[in-house]
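J.: Here you go, one structure.
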Amino acid sequence: MQTEIENLFDQKPTVYTEDHFALFQRFKQALNSGKIRSAEPDSSARSGWRVNTWVKKGVLLGFRMGVTVDMSVNPVRQPMIDKSTWPVKRIRPDDGVRIVPGGSSIRDGCYIGKGVTCMPPMYINAGTWVGDGTMVDSHALIGSCAQVGRNCHISAAAQIGGVLEPVGALPVIVEDEVLVGGNCGVYEGTVVKRRAVLGSGTILTRSTPVYDIAHGQVYSATDDQPLVIPEDAVVVAGSRSITRGPGKEWGISLYTPVIVKYRDSKTETRIQLEDLLR
């Protein structure tokens, strides 16, 4: 399948045939079942993850192949006009996923694990992976090809950014048992390692360093490596004073994420309530 997808992506035909659409359907079935994913763990990589570029090409291929059609169940009350290749994902009761009514959507071509809870309204885009037992709360977004681990809590209004292009770019990775607080934003291929906690309002990007006051270190992305948040880190929104020029004179501080500590028994007590909601 990898070779066929790459050939079809790199050598665009004049017309897409039934065989091409059958290939894309098999590709989506593999995404839906979790047999393939746009990024996967790789112990040999510094970030612990590697990009499956051909899978991202397949996701983009779906947009190229599809035509805009009316897929509305009720065109007046809930219109849906989108690419024919990317309808909503079909989820059955025996899939073990809870989708509470109220405006949530999950696009086809993504893996949603057993016991995932989706609180309205939330949105999960194509190419994503969401592990077993994770909660996606109200107004949360999980973007294209993002990878979210098991037993995470993506809190209300949190944004897990998607990365489709360039196809070789690492998508956002949120590993197992991570708590992403309300109104957080994780973007540009950031890797949040296992059991980290992001306090409300934390924003993580390639351009903003993270100051670890617990260990006396600074974590930054480089040209070829993403920003990586360590395991068990507790990150909050902080600020850093400008030390020279007009900014100093005016008393201006810039936003920066700060690791204030690492998970301990007190942290566990504060976040255990989420288990009762699953």
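J.: Mind listing just one residue for me: the one in segment 87-100 that is among the charged types (D, E, K, R) and assigned to a helix (DSSP H, G or I) and, of those, surrounded by the fewest Cβ atoms within 10 Å (Cβ to Cβ)? So that I can check it myself, show each step before the final result.
T.: Looking only at segment 87-100, we keep the residues that are among the charged types (D, E, K, R), and these are 89-90, 92, 94-95, 98.
Checking which are assigned to a helix (DSSP H, G or I) leaves us with 94-95.
Numbers: ASP94: 7, ASP95: 16.
So the residue we want is ASP94.
J.: Among the residues of segment 146-163 satisfying the criterion of being over 22 Å from PRO101 (Cα atoms), out of contact with any strand residue (DSSP E or B) (no Cβ under 7 Å at 6 or more places or on another chain) and not aliphatic (A, V, I, L, M), which is surrounded by the fewest Cβ atoms within 10 Å (Cβ to Cβ)?
T.: Per the stated criteria, the residue is ARG150.
J.: Conditions first: (1) at pLDDT below 95; (2) over 24 Å from GLN159 (Cα atoms). VAL67 passes all but one, so which condition is the exception?
T.: The number of the failed condition is (1).
J.: Here's something else I'd like to know. For GLN225, only one of the following conditions fails: (1) touching a residue at least 12 places away in the same chain (Cβ under 8 Å); (2) within 19 Å of GLY181 (Cβ to Cβ). What is its number?
T.: (2)
J.: Hey, another quick one. If you check LEU8 against the conditions, is it part of a helix (DSSP H, G or I), farther than 22 Å from ILE106 by Cα and of a type in the set (A, V, I, L, M)? Give the derivation first.
T.: Numbers: part of a helix (DSSP H, G or I): yes; farther than 22 Å from ILE106 by Cα: yes; of a type in the set (A, V, I, L, M): yes.
Taking the combined requirement at face value, the residue satisfies it.
J.: Let me ask something else about it. Please enumerate the residues belonging to segment 109-127 that are touching a residue at least 40 places away in the same chain (Cβ under 8 Å) and crowded, with 20+ Cβ neighbours inside 10 Å. Before you say what the answer is, go through the steps one by one.
T.: Filtering segment 109-127 for residues touching a residue at least 40 places away in the same chain (Cβ under 8 Å) gives 109-111, 113, 115, 117, 126-127.
GLY109, CYS110, TYR111, ALA126, GLY127 - these are the residues of segment 109-127 that are touching a residue at least 40 places away in the same chain (Cβ under 8 Å) and crowded, with 20+ Cβ neighbours inside 10 Å.
J.: Continuing with the same structure: For residues in segment 41-62 being of a type in the set (A, V, I, L, M, F, W, C) and touching a strand residue (DSSP E or B) at 6+ places or on another chain (Cβ under 6 Å), which is surrounded by the most Cβ atoms within 10 Å (Cβ to Cβ)? Give the steps one after another, and end with the answer.
T.: So in segment 41-62, the residues of a type in the set (A, V, I, L, M, F, W, C) come out as 45, 49, 51, 54-55, 59-61.
Filter once more, keeping what is touching a strand residue (DSSP E or B) at 6+ places or on another chain (Cβ under 6 Å): 49, 51.
Details: TRP49: 20, VAL51: 22.
Checked segment 41-62; the qualifying residue surrounded by the most Cβ atoms within 10 Å (Cβ to Cβ) is VAL51.
J.: Please work out which residue is surrounded by the fewest Cβ atoms within 10 Å (Cβ to Cβ), limiting yourself to segment 13-40 and to residues that are among the charged types (D, E, K, R) and within 18 Å of LYS83 (Cα to Cα).
T.: First, the residues of segment 13-40 that are among the charged types (D, E, K, R): 18-19, 26, 28, 35, 37, 40.
Going one step further and asking which of them are within 18 Å of LYS83 (Cα to Cα), we end up with 18, 26, 28.
Numbers: GLU18: 7, ARG26: 13, LYS28: 22.
Step by step, filter segment 13-40, then rank; the result is GLU18.
J.: Please identify the pairs in which a residue from segment 168-192 that is closer than 13 Å to CYS145 by Cβ and touching a residue at least 60 places away in the same chain (Cβ under 8 Å) has its Cβ atom under 7 Å from the Cβ atom of a residue that is among the hydroxyl-bearing types (Ser, Thr, Tyr) and surrounded by fewer than 22 Cβ atoms within 10 Å (Cβ to Cβ), counting only partners at least 6 apart or on another chain.
T.: Here the result reads GLY168/THR53; LEU170/SER47, each pair linking segment 168-192 to a residue that is among the hydroxyl-bearing types (Ser, Thr, Tyr) and surrounded by fewer than 22 Cβ atoms within 10 Å (Cβ to Cβ).
J.: If I go through segment 210-242 residue by residue, how many of them are in contact with a Ser or Thr (Cβ under 8 Å, 6 or more places away or on another chain) and surrounded by 16 or more Cβ atoms within 10 Å (Cβ to Cβ)?
T.: So the first thing to find is which residues in segment 210-242 are in contact with a Ser or Thr (Cβ under 8 Å, 6 or more places away or on another chain), and the list is 210-211, 221, 225-229, 234-242.
Those left that are additionally surrounded by 16 or more Cβ atoms within 10 Å (Cβ to Cβ): 210-211, 221, 226-229, 234-238.
So the count comes out to 12.
J.: Would you point out which residue out of GLY109, GLY103 is at positive phi, assigned to a loop (DSSP other than H, G, I, E, B) and modelled with pLDDT under 95?
T.: Numbers: GLY109 fails: modelled with pLDDT under 95.
Only one candidate qualifies: GLY103.
The values are calculated or read from the model by the stated rules, or taken from the named source; none is laboratory data. Just so you know, these numbers come straight off a predicted model, no measurement behind them. All Cβ positions, glycine included, derive from the backbone under ideal geometry; neighbour counts span all protein chains shown.
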